[in-house]
1. Exposure proxy check: LEU256, LEU168, LEU88 ranked by fewest other beta carbons within 10 Å?
2. If you project the alpha carbons of the chain onto their three principal axes, what span does each projection cover, largest first, in Å?
3. How big is the Kirkwood radius of region 180-322, worked out from every pair of different alpha carbons and given in Å to one decimal?
4. Assuming 0.36 nm per residue, please report the length gained on full extension of the stretch ALA187 to LEU10 beyond their Cα-Cα distance.
5. Separation between the SER261 and ALA322 pseudo-spin-labels, each 7 Å from Cα along Cα→Cβ, expressed in nm?
6. Can you list, bin by bin at 10 Å, the percent of alpha carbon pairs in region 1-126, starting at 0?
7. What do you get for Rg/Rh over region 134-192 if you use C-alpha atoms and the Kirkwood form of Rh?
8. Quick check on the exposure proxy: order GLU249, GLU30, GLU178 from fewest to most C-beta atoms within 10 angstrom.
Amino acid sequence: MPIILEPTDLSIQRAAEAMRAGQAVAFPTETVYGLGALTHDPRGIAEVYRMKWRPSNNPLIAHVLDAHGAREIVEGWDPRCDELTSRLWPGPLTLVLPRRANVPVEAAGGRATIAVRSPSHPVARRLLQELGGESISAPSANRSGHVSPTLASHVAEDFATELDLMILNGGRSEFGLESTVLDLTTARPTLLRPGTVTLESLRQILGDVDAPEVHEQGASPGTAPRHYAPRTPAALIPINGIRAALALEPRPCAVLCFDPSHVPSPHTGITMPRDAHLYGSTLYDALRSADTLGCARILIEMPPSADGLWRAVVDRLRRATA
Ligand code: AMP
Ligand code: MG
């Protein structure tokens, strides 16, 4: 198994040294755990793609300490960026902007644009500081297409064969869903991936924000129809539709629902929080637990709303069950 390290000063230094030597290191953020390498080091970037089995055209998010760090790797920083980042950074908002010529194209999946965000997790920030503010490119620390990790142990499970991988332990990710991705290179700002920073709050700041329902995989690979998926086949069921769905299913199922008293044996109910924030922060752990039960299917009760914070939850549920 990989090595899980408590985030002492010494282990932050070791992680930074490994990254300077061209290795990838896993670290906690407030969204999910990331598998990071130096943005400016194509060796480390290649390691990230190799370890994740990530298609080379799926771009990475660059993590920086602040707006100053972002401006070192992007072009076209404008007043909208100042407005957004002064209010929402550090935090779970990723901006897509034109990539500066000095940033290796490998760090952007071959694109002329680059995604950038400033994480708030103290361990991520200490690592960035230890690296002198150099940017870290990091996708989620899971094998490509699998459920994102929200605990150090999730990372260790996905990368069980990477014996030298260092994982900095930062506890449970506070938000537990990947960041909101906002494209600022289009005529109007475009929401590419909903997250904890809601569409409503972006519209309050920017006015107009496009939020197309379905994305082509080309625009933003994290929005492929099937993504963030458990290994067991999973399906969404209408709210209060559990009994009806289970009546048709003789094989044992795992059921993510709000009230497990509706789940008779031989099925297993997993109680989900009614609060959107709590739901988001526990969803991936619940999907990973459901996967270990050896059930025929995972059934997931639809949340009560698809607006505000629920938008990101429903988006991930749709992809997990596509
Ligand atoms: P992950 O870090 O694994 O959550 O994935 C990062 C996701 O951010 C990608 O899958 C894309 O959906 C999105 N992304 C990153 N860079 C870009 C970019 N330059 N243009 C559009 N989307 C991007
Ligand atoms: Mg990912």
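1. Values: LEU256 24, LEU168 27, LEU88 20.
Fewest-to-most Cβ neighbours within 10 Å comes out as LEU88, LEU256, LEU168.
2. Principal extents (largest minus smallest coordinate, Cα): 59, 47, 30 Å.
3. Working: mean 1/r = 0.0621 Å⁻¹.
Evaluated over region 180-322, this radius sits at 16.1 Å.
4. Values: separation 177, 0.36 × 177 = 63.72 nm, distance 4.63 nm.
Value of the extension gain: 59.1 nm.
5. 3.7 nm
6. With 10 Å bins starting at 0, P(r) equals 13, 43, 35, 9, 0.
7. On the way: Rg = 14.6 Å, Rh = 13.7 Å.
Radius of gyration over Kirkwood radius for region 134-192 works out to 1.07.
8. Working: GLU249 15, GLU30 20, GLU178 27.
In increasing order of surrounding Cβ atoms, one gets GLU249, GLU30, GLU178.
Each reported figure results from applying straightforward, stated rules to the coordinates on display, with no laboratory input. Predicted model, so just to flag it, every value in this text is computed and none were measured. Positions of Cβ are backbone-derived with ideal geometry, glycine not excepted, and every protein chain shown enters the neighbour counts.
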